[in-house]
Amino acid sequence: MTARKKARRTEHRDEDSSELDPAWRLLPLVRGRKAIVVGGDPREPNRQRLEHALQLASLEWPAIDGPRKVESIVGRIRKGTYGLLLVLQPFVAHATSEPIIDAAKSGGTPWALADGYGLAAVKLALERFLGGPRSGVLLPDDEHAASDALVDAGTGARSERR
């Protein structure tokens, strides 16, 4: 009988820059928001990199390793604590992400499913879920109008900038 090898942990990082193009069309929509990332193994350098690159007011990345922690996050999302939710799809079980996304939908919190926590993956997710070049959704050019036009693709609900 052969012993099983422990799966090797891999870092999912971008090979590209940790800076966004200042002309990125969705930057006015995410800039200054209080955001939360769920899934994966929260690591401070990665959290700081995303918070800085997206110019967020703050970015929380709590561990979701139990039902009470998930319930706590769901409650905070329902209260409108966050202006943006990022779900790291490969790193969170569907049964865990479902109530979190449902809370975002019911509260009108913009959300996106990302395939990783690298900047390129998060940017692609935001474009896919919140509008942009790949979704065909046209957003206003005016920054103030753009902040009011954040559309949740899951519900079609509009949300105010928080």
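The values are calculated or read from the model by the stated rules, or taken from the named source; none is laboratory data. The shown structure was predicted, so the numbers you read here are calculated from the model rather than taken from an experiment. Reconstructed Cβ throughout: ideal geometry from the backbone, glycine too, with neighbour counts over all protein chains shown. Ligands, DNA and RNA are stripped out before the accessible areas are found, and what is left, the full protein with its side chains, is counted by its heavy atoms. Shrake-Rupley method; radii C 1.70, N 1.55, O 1.52, S 1.80 Å.
Based on what the data block shows, is residue 87 surrounded by 13 or more Cβ atoms within 10 Å (Cβ to Cβ), in contact with a strand residue (DSSP E or B) (Cβ under 6 Å, 6 or more places away or on another chain), not in a loop (DSSP other than H, G, I, E, B) and not polar (S, T, N, Q)? Criteria met by residue 87. Looking across the stretch 21-39, the residues that are touching a residue at least 60 places away in the same chain (Cβ under 8 Å) and under 13 Å from residue 82 (Cα atoms) come down to 30, 32, 33, 34, 37, 38. Candidates 98, 51, 127, 71: the one that is in a helix (DSSP H, G or I), touching a strand residue (DSSP E or B) at 6+ places or on another chain (Cβ under 8 Å) and of a type in the set (Asp, Glu) is 51. For first residues located in the stretch 42-59 and closer than 18 Å to residue 87 by Cβ, partners that are among the aromatic types (Phe, Trp, Tyr) and modelled with pLDDT under 95 and lie 6+ apart or on another chain with Cβ distances below 6 Å form the pairs 46/117. Taking the criterion of being open to solvent by 10 Å² or more (accessible area, probe 1.4 Å) and charged (D, E, K, R), the residues of the stretch 26-48 that qualify are 31, 34, 41, 43, 44, 47. Scanning the stretch 66-84 for residues that are surrounded by 16 or more Cβ atoms within 10 Å (Cβ to Cβ) and free of Cβ contacts under 8 Å to residues at least 40 places away in the same chain returns 70, 73, 74.
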